[in-house]
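Visitor: Dropping a structure here in C-alpha cells format, bear with me for questions.
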Amino acid sequence: MKILVIQNGARHNYAIPLGFARAGVLSQTYTDFAVPSGIADKLKQLKVVNSASHSALLRRTPPSIVAESMATTSFTFALAQVLKKIARASGKKYDADNIARKLIERAMSAKGVGKATHVYTMLGEGGALVHAAQEMGLKIIGDVYIALSADDIVAKEVQKFPDWVDEKTLQAARAEQTRSNKTLLDCSDLLICPSEFVRDDLVEHHGVAEARTRVVPYAVDSKWWELETKPEVARVLFAGSATLRKGVHYLAKAATILGHPYKFRVAGGVSHEVRRHPDSKDLTFLGHLGQRKMAHEFALADVLAFPSLAEGSASVTAEALGAGVPVVTTKSAGSIVRDGVDGIIVPERDPEALANAVRSIVEDRDKREAMSKEARRRAQTFTWENFISNVVGLAKEIQEPEGK
C-alpha cells in the first residue's frame, strides 16, 4: 500500500505526509508550493523578504523525509496568482480563484499517481487528479477538515449581523458563495472527519451515508503539554480570527454580561468593523500573535472561550487543553472537549450560556483546577502516531475486496 497525499499549504506542519512517510506508506506529496530548506534564510539575508514573510516561508518548508517525496506546482501556482490579480483588477465577472485552482489541478494531473494505491486528499483538493485516480481504481480518502456547510452558516449569520462584516464579506454572502465539494463527495471511498460535528453535517445536509465516514480527531502538539502556566483569575482568552463564523459577536455580548473583573483577550486577525463595533467595547484585541506570544497568552489564561458556529475541529481548543486551560465552546467547534470534565459545551448563539459557563469555572477554583488536570490528560491521548495508525488501518480496510 502506498498513499499519495494532496494538500495545498502546510496544514498541520506537514504532519500527515510525515506520518505516512514514517509508517513506510507515503508515495508522493503534491502541493501548490513549498520552500526548499535554506532558501527562506537566503532570501532574508539578501533582504528580499522581511521577518514576517521569512516566518511564513519557513512554515512552507517540509521535513526532509516529506520533501524527498514532494512534487510542487510552484510555477503554475505563481502563474495562477498573476492571473487572479489581473482578473480582479479588470473587474471581470469570471471566478479568478476557480481559474487558479484548475491550473494547479492540471499541473498535478500531468505528474500522475506513480505507484500509489490510495489518494489522501484534503477537502477534495487536486480534483482533476483525484478523478483520474478513481478511474484508475485507486482508493480515495477525503479529509473533511471543515464542515461543508460552513459557508452557508456564515451567509445566514451575515444576514442577521451585517454591521459586523465589511462590504466584501457581505457581497460574498449575498451571492451565496460556496466552495464546490463535488470531487470530495463523488470520489471518496472514505471520508475522514475530525469531529462528530463534521460527520453529522455530511450525513444530515449532504446526503452522505454514515458508513462512508469515520471520526478520527487530529493530534495535539506536544509542545503545549510542558507549558508552565500561571493563570490569572478571570482572564479569558479567545484565539482565532475574530469573525462571525467563530462567534466573536456572541463573545462580545458575553464579555459585557460578565463585566469587571473579567478580562477578555482576543488573539487573532480582526477587521475594522469588528474592532470598532459598539458591542466590542469589553474585548481587548491583540491582533495576530507569533508562537512565543501565543504561548504567553495560554500560560496566563484562566479559561478559553470559543463560541464558534462552524469548524472542522478547532485546533485552538485542543491546544488549550494541552496547556491545561479549561475550554468553554460549542459542539460546532468540533473540539475534543468533554462537557463537565475538561471544559463546558454550550449552545451556539447563546451569550448568556457562554457567560454562565465561564463564570462557573472562574468562580470555583477547585473545579478549575480539576478541569485543568483532566485537560492535559485528555490532550496527551491525541498524537499524530495514533491518527496515522487509525488512517492506515482504515486504508487497508477499504483496499480489501468485498467479502473478505
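The values are calculated or read from the model by the stated rules, or taken from the named source; none is laboratory data. All values reported here derive from a predicted model rather than from experimental measurement. The protein model used for the area step is the full one, side chains on, heavy atoms only, and it has no ligands, DNA or RNA in it. Shrake-Rupley method; radii C 1.70, N 1.55, O 1.52, S 1.80 Å.
Visitor: Using a Cα-Cα cut-off of under 17 Å, which aspartates and glutamates could be cross-linked to K396, ignoring same-chain neighbours fewer than 8 residues away?
Guide: D143, D189, E385
Visitor: Any idea of the accessible area per residue across region 1-72, 1.4 Å probe, to the nearest Å²?
Guide: Dividing the accessible area of region 1-72 by its residue count gives 48 Å².
Visitor: Give me the aspartates and glutamates in straight-line cross-link reach of K281: C-alpha distance below 16 Å, same-chain residues under 8 apart excluded.
Guide: D163, E273
Visitor: Express the carbon and sulfur contribution to the solvent-accessible surface of the chain as a percent, rounded to the nearest whole number, probe 1.4 angstrom.
Guide: 50
Visitor: What is the distance in Å between the Cα centroid of region 99-122 and that of region 12-38?
Guide: 15
Visitor: Write down the accessible area per residue of region 324-376 in Å², having rolled a 1.4 Å probe over the full set of protein chains.
Guide: 40
Visitor: Under a 10 Å cutoff between Cα atoms, tell me which one of A301, A242, A132 has the largest fluctuation in the Gaussian network model of the chain.
Guide: A132
Visitor: Is the shape of region 221-380 best called rounded, prolate or oblate, per the rule: a/c under 1.5 gives rounded, else a/b larger than b/c gives prolate, else oblate, with a ≥ b ≥ c the square roots of the Cα gyration tensor eigenvalues? Mind showing how you got there, number by number?
Guide: On the way: a/c = 1.41, a/b = 1.29, b/c = 1.10.
It is rounded, given that a/c, with a ≥ b ≥ c, falls under 1.5.
Visitor: Something else about it: Rounded to the nearest 10 degrees, what's the angle between the helix 150-160 long axis and the longest principal axis of the chain, both from Cα atoms, 0 to 90?
Guide: With both axes taken from Cα atoms, the answer is about 40 degrees.
Visitor: Additional query: Using 30 Å as the Cα-Cα cut-off, could you pick out the over-long pairs in K85/K115; K2/K182; K2/K102; K111/K246; K85/K246; K42/K85?
Guide: Correct reply: K85/K115; K111/K246.
Visitor: If you fit an axis through the alpha-carbon atoms of helix 96-111 and take the longest principal axis of the Cα set of the chain, what angle between them do you get, 0 to 90°, nearest 10?
Guide: Tilt relative to the chain: about 50 degrees.
Visitor: Multiply the residue gap between L289 and E385 by 0.36 nm, knock off their C-alpha separation, and tell me the result in nm, one decimal place.
Guide: Between L289 and E385, full extension yields 31.7 nm more.
Visitor: Now for a separate question. Which of S64, S149, S335 moves most in a GNM of the chain, Cα contacts under 10 Å?
Guide: Its mean-square fluctuation being the largest, the pick is S64.
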